[in-house]
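To start, the structure itself, in structure tokens.
The values are calculated or read from the model by the stated rules, or taken from the named source; none is laboratory data. Predicted model, so just to flag it, every value in this text is computed and none were measured. Neighbour counts are summed over all protein chains in view; Cβ atoms, including those assigned to glycine, are modelled from backbone coordinates with ideal geometry. Accessible surface areas use protein heavy atoms only, side chains included; no ligands, DNA or RNA. Shrake-Rupley method; radii C 1.70, N 1.55, O 1.52, S 1.80 Å.
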Amino acid sequence: DIKDIEIGKFADLRSLQCATDDVYIVSELANLEELHLYALINGPLESEAVVHADAFIGFDSLTTLTLGDYADIEEWDILAGLPSLTKLALPGTKLADITKLAELKDLKVLDLRYNYNVTQEQIDELRTLLPDCEIITDQLN
């Protein structure tokens, strides 16, 4: 379990992939360039874990962020303040409103696969608001 590791010993780590419901566990790893977090899911139950983006304050080198299978993401404005973030993947989250993602003006790739609450109209609007961003979805368009 990642909670049993003295995470501060890995302060120079550049990439990390793990499953946790406690995103604050990585807050000491501000030098990360790639971070892939997935909510813990036990059996057929869906995760109710919520990501609090304030856990990523100071992650100035972070270029790639995956937040998978989380119930919701709070403090979107903090993600917009990550100066190097160019790729964001949100697979399997329960997003119902993706308009907040339009604040992430520097994104080059946005992966919204497996977000079944998101409508085609929302995706089209986001493509208009982020014209330089490749938006990947399960939708046919």
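I'm checking my understanding of the structure. Among residues of region 33-63 that are among the aliphatic types (A, V, I, L, M) and part of a strand (DSSP E or B), which one is modelled with the highest pLDDT? Write out each step before concluding.
Restricting attention to region 33-63, the residues satisfying the condition of being among the aliphatic types (A, V, I, L, M) are 35, 37, 39-41, 45, 49-51, 53, 55, 57, 62.
Within this subset, residues satisfying the condition of being part of a strand (DSSP E or B) are 35, 37, 50-51.
Details: LEU35: 91, LEU37: 87, VAL50: 77, VAL51: 79.
Per the stated criteria, the residue is LEU35.
Within region 74-83, the set of residues being open to solvent by 40 Å² or more (accessible area, probe 1.4 Å) and part of a loop (DSSP other than H, G, I, E, B) comprises GLU75, GLY81, PRO83. Of the residues making up region 84-93, those that are outside any strand (DSSP E or B) and within 19 Å of VAL118 (Cβ to Cβ) are LEU90, PRO91, GLY92, THR93.
Do we find that GLU121 is open to solvent by 10 Å² or more (accessible area, probe 1.4 Å) and within 20 Å of SER27 (Cβ to Cβ) in this structure?
Details: open to solvent by 10 Å² or more (accessible area, probe 1.4 Å): yes; within 20 Å of SER27 (Cβ to Cβ): no.
Judged against the criteria, GLU121 is not a match.
Within region 92-104, the residues that satisfy the criterion of being surrounded by fewer than 18 Cβ atoms within 10 Å (Cβ to Cβ) and either aliphatic (A, V, I, L, M) or at pLDDT 90 or above (or both) are ALA96, ALA102.
Determine, yes or no, whether THR66 is under 19 Å from ALA49 (Cβ atoms) and assigned to a loop (DSSP other than H, G, I, E, B).
Numbers: under 19 Å from ALA49 (Cβ atoms): yes; assigned to a loop (DSSP other than H, G, I, E, B): no.
Criteria not met by THR66.
Contact map, region 60-88: residues that are on the phi > 0 side of the Ramachandran plot paired with residues that are open to solvent by 40 Å² or more (accessible area, probe 1.4 Å), Cβ distance under 8 Å, separation 6+ or inter-chain. Pairs shown: ASP69/TYR38; ASP69/ILE41; ASP69/GLU46; GLU75/HIS52; GLU75/ASP54.
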